[in-house]
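> One structure follows; several queries about it will come next.
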């Protein structure tokens with residue numbers, strides 16, 4: 001079964017700083033990859049996704065993620081964060097042929113104005 | 001408006017008192033799923049359904065039941081709730097059962113079992 005690892009559960013940074021969140025998965029076959037965001041008190045929303053093609057994926061609100069197949073990674077980045085990016089971020093992986101979506105434990109990101 | 005609706009949003013109950021959390025989606029989605037969210041553990045899948053009358057266990061199914069009699073509804077049933085089921089529950093749906101699409105989440109149901 002696939003599993004997802006997210007490191008540095010709590011991240012605190014100042015506005016305009018760059019953000020990178022790591023996501024590694026354990027599955028040797030073809031995967032679909034997602035990042036979801038949960039703003040305080042809200043439900044999860046899709047930030048971006050990768051199915052195939054260009055491994056550098058651009059999502060909403062200036063976020064991007066890069067799929068590196070050799071490293072089984074799908075790291076999320078944003079060059080310059082804003083206070084409104086304060087949220088919890090979840091990486092999720094679906095292995096082709098599997099009907100389940102596995103989530104990582106999340107990264108709690110706090111952006112200080 | 002496309003949405004996933006859960007009820008109740010907040011519930012405090014006592015050990016052993018059966019309860020049902022309803023979930024309804026208006027997008028004609030095939031796939032529906034229940035997750036629980038606990039601090040430090042992220043989202044863990046309880047049950048999922050690929051279509052009407054097709055349900056399967058997720059990672060943490062113990063103590064829960066589900067049914068999918070209609071495409072739009074996917075209720076979560078706790079026959080005899082216990083304090084370790086105190087959690088934030090999310091229902092989600094996706095257009096296709098192959099999980100290649102976006103998951104749409106409900107607003108969440110915060111359950112406390114005393």
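FYI, it's all coordinate maths here, none of it is from the lab. Source: prediction; values computed, not measured. Cβ placement follows ideal geometry from the backbone for every residue including glycine, while neighbour counts extend to all protein chains displayed.
> Quick one: grab the alpha carbon gyration tensor of the range A:2-85, order the square roots of its eigenvalues as a ≥ b ≥ c, and give me rounded if a/c is under 1.5, else prolate or oblate depending on whether a/b is larger than b/c.
Here the range A:2-85 falls in the prolate category.
> What list do you get for B:1, B:79, B:102 if you sort them by fewest beta carbons within 10 Å?
Ascending Cβ contact count within 10 Å gives the list B:1, B:79, B:102.
> With the cut-off at 1.5 for a/c, could you classify the range A:1-48 from its C-alpha gyration tensor as rounded, prolate or oblate?
Prolate shape, in that a/c is at least 1.5 and a/b is the bigger ratio.
> Between B:90, B:74, B:104, where does the largest GNM mean-square fluctuation fall for chain B, given springs only between Cα atoms within less than 10 Å?
B:104
> Continuing with the same structure: Quantify how strongly other chains surround peptide A:38-50 by giving the mean number of their Cβ atoms within 10 Å of each of its Cβ atoms.
Per residue, the average neighbour count from other chains is 3.
> If you don't mind, another one. Determine the distance separating the Cα centre of the range B:64-114 from the Cα centre of the range A:37-106; give it in Å without decimals.
22
> Another one. Please check which bits of the range B:1-32 a label hung off residue B:38 would reach, taking the label as a point 7 Å along Cα-to-C-beta and the cut-off as backbone N under 19 Å.
What the label zone holds, given the 19 Å backbone N cut-off, is B:11-17, B:19, B:21.
> Mind telling me which of B:52, B:14, B:66 comes out most flexible in a GNM of chain B, alpha-carbon contacts under 10 Å?
B:14
> Compute the Rg/Rh shape ratio of chain B: radius of gyration over Kirkwood radius, all on alpha-carbon atoms.
Dividing the radius of gyration by the Kirkwood radius yields 0.95.
> When you look at the Cβ of every residue in B:42-52, what mean number of other chain Cβ atoms sits within 10 Å?
3
> For a quick check, take a GNM of chain B with Cα springs below 10 Å and name the residue from B:87, B:33, B:49 with the largest mean-square fluctuation.
Largest GNM mean-square fluctuation: B:87.
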